[in-house]
Structures are given as structure tokens and as C-alpha cells.
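Asks: Sharing a structure, written as C-alpha cells. Questions coming.
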Amino acid sequence: MADDRLDTPITARRRLLPRPRYHPDSVGRVSEGVARFIGTPRFLVYLTVFCVGWLLWNTLLPERVRFDDPGLGFTALTLVLSLQASYAAPLILLAQDRQADRDRVAAEQDRVRSERNLADTEYLAREMAAVRLALNDVATRDFLRSELRNLLEEIQEERERDQEQRREQQRFDDD
């Protein structure tokens, strides 16, 4: 039997039934939906109502319609709840893995965005420094005002000197 050899790749082996094909993303979406539902108060209410109904059915109704023996500790109920838990745990883990993948992608995008923002900020800081250096040679409003005041004072002093000289000249001419 060459088909049963362990050194033969699995793709080369023949199968009696075809291997089921499924899209991983659709399984992930279903698992997230189930995990989301299992984590709701509605699910807890449904499960509680189910268990209470099961217990009441199998304790209060006549023995001929009971399907789970209370004397054995409701074995079927225990099996049903174990089955539910055995499916819930892997579905929750699948949903957590998908969420972790989304969180990882979001963190990577945030890191890239942060690096881009840092580079932009550094560029703007360099540009602001260049503008400050360029503005050192530009006269500010206060500087211009002080220069104009100084010029005005010089003009007034010169005018007073000229008037004083004219008065002296006039006195000299009058004498």
C-alpha cells in the first residue's frame, strides 16, 4: 500500500472523501459572531432558561416523558453543557486571535503614522528655525518705531539748533 506510506506527501495521497474547503475569513467571522453572542447577557438568559426548562421537564413531568434521569444527576444536561463549552472555547480563541491580528495591524499603522508625524514635526521645526534666522535681518515694528523716534528727535534738535543760529545771526545783524 503506497498510499499509507508516511514519507509520501499528503497531496499525493488519495482520499476516500474530498477534503472540505472553507474560507478562513468566513470561519473567523462566524467565530467572532458566536463569541460576541456568547458574551452577552441575552445568551446567559437563554442558557439559564434552557437549563431551568430542562430541569423542570425532567423533574416535574411524568416519568414516561422524561429523557434525563434526575437520579443520575442529569447526565444528558451535563453532556449538552460540556458540548456547548467545548465548542465555545475554540470559537472564542479564534475570535481573540482575529482581534489580536486587527490590533497588531492597527498598532503598526499607528506606529507608521507616528513616525510620519514626527518627521513632519521635525521638518516644521527646521523650517521655523530657518525663518527665525531669516527674520533676524528683518526690521521689526518696534525697531522701526525706535529708529523713527530717534530720527524725529535728531530732526527736532537740528531744527532747534537752526533756529538758535538764526536768532544769534539776527542779534548779530541787529547789533
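Asks: Name the residue from LEU60, GLN84, ALA106 whose Cα lies farthest towards the positive end of the charge dipole of segment 1-113, charges +1 on Cβ of Lys and Arg and -1 on Cβ of Asp and Glu.
Replies: Positive-end residue among those listed: ALA106.
Asks: With the chain treated as a Gaussian network of Cα nodes joined by springs under 10 Å, which of LEU94, LEU135, LEU151 yields the largest mean-square fluctuation?
Replies: LEU151
Asks: Hey, what did the chain get for relative contact order, percent, Cα under 8 Å, at least 6 apart?
Replies: 20 percent
Asks: Using a Gaussian network model on the chain with a 10 Å cutoff between Cα atoms, which of ASP142, ASP25, ASP69 fluctuates the most?
Replies: Its mean-square fluctuation being the largest, the pick is ASP142.
Asks: While we're looking at this one, here's another question. Can you tell me the 0 to 90 degree angle between the C-alpha axis of helix 41-60 and the longest principal axis of the chain, rounded to 10?
Replies: It is inclined by approximately 20 degrees.
Asks: Here's something else I'd like to know. Just to be sure I understand: with springs between alpha-carbon atoms less than 10 Å apart, which residue in PHE50, PHE74, PHE143 has the highest mean-square fluctuation in the Gaussian network model of the chain?
Replies: Evaluated over the chain, the most mobile residue of the options is PHE143.
Asks: Mind putting a number on the dipole of the chain about its Cα centre? Charges go on the C-beta only, +1 for Lys and Arg and -1 for Asp and Glu, and I need it in Debye to the nearest 20.
Replies: Dipole magnitude for the chain comes out near 2520 debye.
Asks: Now, a different point. Once Lys and Arg get +1 and Asp and Glu get -1 on their Cβ, which of GLN96, PRO41, THR8 lies farthest toward the positive end of the dipole of the chain?
Replies: The residue sitting farthest along the positive end of the dipole is THR8.
Asks: If you don't mind, another one. Identify which of the listed values of P(r) over Cα pairs in 10 Å bins from 0, in percent was calculated from the structure shown: (1) 7, 12, 11, 13, 11, 8, 6, 6, 6, 5, 5, 4, 3, 2, 1, 0; (2) 10, 41, 37, 11, 1; (3) 9, 37, 32, 16, 5, 1, 0.
Replies: After the calculation, the listed value that fits is (1).
Asks: Let me spell out the model: positive unit charges on the Cβ of Lys and Arg, negative unit charges on the Cβ of Asp and Glu, origin at the Cα centre of segment 72-117. What dipole size does that give, in debye rounded to 20?
Replies: 100 debye
Asks: Could you tell me which of rounded, prolate or oblate describes segment 13-66, using a ≥ b ≥ c as the square roots of the eigenvalues of the alpha-carbon gyration tensor, with rounded for a/c under 1.5 and, failing that, prolate when a/b is larger than b/c and oblate otherwise?
Replies: oblate
Asks: Sticking with this one: Compute the helix-to-body angle for 75-135: its Cα long axis versus the longest principal axis of the chain, expressed 0 to 90° and rounded to tens.
Replies: For 75-135 against the chain, the angle is about 10 degrees.
Bear in mind that the values in this text are calculations on the coordinates, not laboratory data. In this text, all values refer to a predicted model and were calculated from it rather than measured experimentally. All Cβ positions, even for glycine, are placed from backbone atoms using ideal geometry, and neighbour counts span all protein chains on display.
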